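**Student:** Please see the structure below; I have some questions.
The values are calculated or read from the model by the stated rules, or taken from the named source; none is laboratory data. If you're wondering where the values come from, they're calculated on a predicted model, not measured in any experiment. When we count neighbours, we look across all protein chains shown, and the Cβ atoms used for this are built from the backbone with ideal geometry, even at glycine.
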Amino acid sequence: MLFVLIAVGINLYLPFIMRQVIDGLTAQSLDRNILLRLLGTYLLLGTISVIVSRLLRRIPLKLSHKIEYALRTDVFRHLTRLDQEYYRGERTGDLMTRMSSDINLVRDAIGQGLLQGIRTLAVLLLASVVMVLTQPELAGLVFALYFPMVGIFFLILRVMRRRQKDLQEHVSDVSNFSQESFSGIRCIK
């Protein structure tokens, strides 16, 4: 969490450095030493931000892959312990889809989903404070537009979830058909 705040804080501070450079050059009140110091600070903070962001991505990705491996192992172990009667009642395509799609969704949610959720929340809170302190009128306009955008986002998310489920069912049907067809070919041979 600390690294997220550092990365977000740096990314929110970089435009202030650019504003000082632009305002100083426009007013012709910026001497060479101050300009070099500001640009050096900008480059240093930008580099730190990139490094911290890269580190932030690696940690959840490694964690999510370990969790994915553990989930796949547990599910496989459970499936191999089940009685043969269970498999007569279940479609093989459904089981294969669950083993791949559902576990991949969990991995993605833990990996990038968790990181992006925390980062988005931090950006939203810190950027809101910066906007209100910098220009309250413009911040009010942004906040007025923000809530309808969030509503639209959740409507789109609901449609995407429904379509994801439909797609998963379709993949399950195709996988089941393929599995039964290949099993039938083996029996005929």
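**Student:** If we keep just the residues of the stretch 140-181 that are at pLDDT 80 or above and aromatic (Phe, Trp, Tyr), which is farthest from ASP102 (Cα to Cα)?
**Tutor:** Among residues in the stretch 140-181 that are at pLDDT 80 or above and aromatic (Phe, Trp, Tyr), the one farthest from ASP102 (Cα to Cα) is PHE143.
**Student:** Restricting attention to the stretch 68-97, report how many residues are in contact (Cβ under 8 Å) with a residue 60 or more places away in the chain, assigned to a helix (DSSP H, G or I) and of a type in the set (D, E, K, R).
**Tutor:** So the count comes out to 1.
**Student:** Looking for something over 12 Å from the mean Cα position of the chain (by Cα), closer than 21 Å to VAL8 by Cα, of a type outside the set (Ser, Thr, Tyr) and at pLDDT 80 or above - is there at least one such residue anywhere in the stretch 113-121?
**Tutor:** Looking for residues that are over 12 Å from the mean Cα position of the chain (by Cα), closer than 21 Å to VAL8 by Cα, of a type outside the set (Ser, Thr, Tyr) and at pLDDT 80 or above, one finds at least one in the stretch 113-121, hence yes.
**Student:** Filter the stretch 86-114 down to the residues that are closer than 16 Å to LYS66 by Cα and either basic (Lys, Arg) or touching a Pro at 6+ places or on another chain (Cβ under 9 Å) (or both) and list them by number.
**Tutor:** Hits for the stretch 86-114 are ARG107, ILE110, GLY111, GLN112, GLY113, LEU114.
**Student:** Identify all residues within the stretch 15-32 that are under 21 Å from THR47 (Cα atoms) and either more than 36 Å from the chain's Cα centre (by Cα) or surrounded by 15 or more Cβ atoms within 10 Å (Cβ to Cβ) (or both); write none if there are none.
**Tutor:** Across the stretch 15-32, the qualifying residues are ILE17, GLN20, VAL21.
**Student:** Related question: Would you check if SER64 is surrounded by 11 or more Cβ atoms within 10 Å (Cβ to Cβ), touching a residue at least 40 places away in the same chain (Cβ under 8 Å) and touching an Asp or Glu at 6+ places or on another chain (Cβ under 8 Å)? Working first, answer last.
**Tutor:** Numbers: surrounded by 11 or more Cβ atoms within 10 Å (Cβ to Cβ): yes; touching a residue at least 40 places away in the same chain (Cβ under 8 Å): yes; touching an Asp or Glu at 6+ places or on another chain (Cβ under 8 Å): yes.
Yes, satisfied.
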